[in-house]
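Working notes for the structure below.
The values are calculated or read from the model by the stated rules, or taken from the named source; none is laboratory data. Please read these numbers as outputs of a predicted model, since none were measured by experiment. Virtual Cβ from ideal backbone geometry, glycine too; neighbours counted across all protein chains shown.
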Amino acid sequence: MPAASLSPEILAKYEPVIGLEVHVQLLTATKAFCGCVNHFGSEPNTNVCPVCLGLPGSLPVLNAQAVDFATRASLAINCKINERSIFARKNYFYPDLPKGYQISQFDKPIAEHGWIEVPTAEGKTKRIGIMRLHMEEDAGKSIHDGFSDSATRTYIDLNRCGTPLAEIVSEPDIRTPDEAYEYLTRLKEILLYTGVSDCNMEEGSLRCDANVSVRLKGASKFGTKAEVKNVNSFRFVRAALEYEIERQIEVIESGERVVQESRLWNAAEGRTYSMRSKEQAHDYRYFPEPDLPPLIVTAEMLALAKSELPELPEARRARMIAEYELTPQDAATLTATREFADRFEAAAKGAKSARRVANLLLSEVGGRLKALGLEQEQSPISMDGIVLAADLLEVGTISSRQLKQLFDICFEKSEDFPSVYEREKPQQITDSSALEVMIDEVIAANPKQVEQYRAGKKTMAAFFVGQVMRASKGQANPALLNELVTKKLDSQQI
């Protein structure tokens, strides 16, 4: 690992400058410029046609849904939609690019000048600028392992050729690996809310390259950057940036020069490796795509995209905090996905206390799921079951202790709460005279604790409440029990 010998004082002299390029596969039914199925996991080289294979005489036709999705994504990240944008040919030669060029957008993208706000370590928010969102098609996939002759051969799967992409390029506004992680987290969350992509990094539908350089603090000129590629999780993006920042500082401190290059992240070793030099800018020989007319986003198209835009995560969190009296942390958890937030809100609207529903969902159910390594959709307790439990607690029909016992049974037997409650039917003791008999017995059996209470140690009341609750097998009404215990103990002093 680099920088093992670098002191905090040396590291503090430098400021990282980070920009991220995120490629997002759009969740259209068909590809960007042909009618081939846009589906991951098909048999290799089955979702192909003359257009995406680049055969002579084939002509591209732009997928209208891809334009709608790109427009919707652009609006969600606060970009300005350009009325007129141009497709271009990005020329380069690689085995998984059969046409010898990629249809992309160059100097006239569909959207520019957006932003996302992210939380900072100081508890504030920071606005990260987005330079552009442009549309392009994906290349195929080169497969370097998994075959008996992988040591000498590379296999090509062209199913991915022509898959519609939105490339989202940030401004170099990111200053720490943690900010990069938060930016990616927020971006993915927004895109999932809009429904334009499934953002599945394991399947390659969201991919990220990171550009990073370092400069002395206070300097205005950027340092020489390295592009880190092949990073397949946000956690690894953060780790790769941490490594690369320290590597570059070590190079500078040793009197050498940082080389502009592309580097690969090796997660197993926790380090980056040089992939290829980028000292000379690659000449992609961009020129306007002659087979596609300019893309015009009309006022009607823009209005439709705006109407299809859902309430986005930050706005939804703020509303739910105010409407349901949630903590910011609970609101963030409940809005982590649009589907989860929808389920909670539908349940909360029919419950006596939305706040209690949130507490049970996140603590009682969520805690058990986490302990068992399960996801929310694997819970035996339905949202209706949580609402019933919350309502029973709210009106005092069952106690918190009884609810925990019932939830334990639900998880042990994989049953929903309504059926378990109907079978077990625990009832609280709300008869004052019955509770007073138990309280008298507990007081008589614990004279030393009574003396402590009389001497001014009022917290001893909790001891008596606990003893009566145990005697009642958890069925005593907590509010009534507390009131009666205090009353009895106070009367003992007269």
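Among the candidates D283, D198, single out the residue that is in contact with a strand residue (DSSP E or B) (Cβ under 9 Å, 6 or more places away or on another chain), acidic (D, E), without any contact (Cβ under 8 Å) to a residue 12 or more places away in the chain and surrounded by fewer than 19 Cβ atoms within 10 Å (Cβ to Cβ).
D283
Here is a yes/no grid of residues against (1) over 30 Å from E136 (Cβ atoms); (2) in a helix (DSSP H, G or I); (3) in contact with a Lys or Arg (Cβ under 8 Å, 6 or more places away or on another chain):
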position	(1), (2), (3)
M301	no, yes, no
R316	yes, yes, no
L326	yes, no, yes
T333	yes, yes, no
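For residues in region 311-358 being among the polar types (S, T, N, Q) and surrounded by fewer than 20 Cβ atoms within 10 Å (Cβ to Cβ), which is nearest to the chain's Cα centre (by Cα)? This residue is T337. In region 208-229, is there at least one residue being of a type outside the set (D, E, K, R), closer than 30 Å to L62 by Cα and part of a strand (DSSP E or B)? Yes: one or more hits.
Considering only residues that are within 44 Å of the chain's Cα centre (by Cα) and at pLDDT 75 or above, which ones fall in region 464-475?
Across region 464-475, the qualifying residues are V465, G466, M469, R470.
Does any residue of region 32-49 turn out to be under 30 Å from A315 (Cβ atoms), surrounded by fewer than 16 Cβ atoms within 10 Å (Cβ to Cβ) and among the hydrophobic types (A, V, I, L, M, F, W, C)? No, the conditions are met nowhere in region 32-49. Within region 215-228, can one find any residue that is over 23 Å from I249 (Cβ atoms), free of Cβ contacts under 8 Å to residues at least 24 places away in the same chain and exposed (fewer than 15 other Cβ atoms within 10 Å of the Cβ)? For region 215-228, residues over 23 Å from I249 (Cβ atoms), free of Cβ contacts under 8 Å to residues at least 24 places away in the same chain and exposed (fewer than 15 other Cβ atoms within 10 Å of the Cβ): absent. Please determine whether any residue of region 345-356 is closer than 26 Å to W115 by Cα and out of contact with any Cys (no Cβ under 7 Å at 6 or more places or on another chain). No, there is no match, as no residue in region 345-356 is closer than 26 Å to W115 by Cα and out of contact with any Cys (no Cβ under 7 Å at 6 or more places or on another chain).
For the condition surrounded by fewer than 16 Cβ atoms within 10 Å (Cβ to Cβ) and either within 29 Å of G100 (Cβ to Cβ) or not assigned by TED's automatic domain parsing to the domain that holds A341 (or both), what is the one hit in S274, S262? Give the derivation first.
Working: S262 fails: surrounded by fewer than 16 Cβ atoms within 10 Å (Cβ to Cβ).
Of S274, S262, the one residue that is surrounded by fewer than 16 Cβ atoms within 10 Å (Cβ to Cβ) and either within 29 Å of G100 (Cβ to Cβ) or not assigned by TED's automatic domain parsing to the domain that holds A341 (or both) is S274.
Going through (1) part of a loop (DSSP other than H, G, I, E, B); (2) aliphatic (A, V, I, L, M); (3) surrounded by fewer than 20 Cβ atoms within 10 Å (Cβ to Cβ) one by one, L192 falls short only on (1). Of the strands (runs of 3 or more DSSP E) lying entirely inside region 49-157, those containing at least 2 residues that are modelled with pLDDT of 95 or more and in the same structural domain as E203 (by TED's automatic domain parsing) span 87-91, 101-105, 111-119, 125-137, 155-157.
So, in region 173-189, how many residues would count as being among the β-branched types (V, I, T) and either part of a loop (DSSP other than H, G, I, E, B) or surrounded by fewer than 21 Cβ atoms within 10 Å (Cβ to Cβ) (or both)? Give the derivation first.
Within region 173-189, the first condition is being among the β-branched types (V, I, T), and the residues that meet it are 174, 176, 185.
Okay, now just the ones that are also either part of a loop (DSSP other than H, G, I, E, B) or surrounded by fewer than 21 Cβ atoms within 10 Å (Cβ to Cβ) (or both), so 176, 185.
Qualifying residue count for the region: 2.
Looking at S277, S254, S262, S307, can you tell me which residue is small (G, A, S), in contact with a Lys or Arg (Cβ under 6 Å, 6 or more places away or on another chain) and free of Cβ contacts under 8 Å to residues at least 40 places away in the same chain?
Going through S277, S254, S262, S307 in turn, the sole match is S262.
Based on what the data block shows, is L326 of a type outside the set (F, W, Y) and either under 27 Å from E412 (Cβ atoms) or assigned by TED's automatic domain parsing to the domain that holds A111 (or both)? Taking the combined requirement at face value, the residue does not satisfy it.
On the stretch given as region 409-420, residues that are free of Cβ contacts under 8 Å to residues at least 12 places away in the same chain and under 31 Å from the mean Cα position of the chain (by Cα) total 1.
Of everything in region 52-82 that is in contact with a Ser or Thr (Cβ under 6 Å, 6 or more places away or on another chain), aliphatic (A, V, I, L, M) and surrounded by fewer than 23 Cβ atoms within 10 Å (Cβ to Cβ), the residue that is farthest from A315 (Cα to Cα) is I81.
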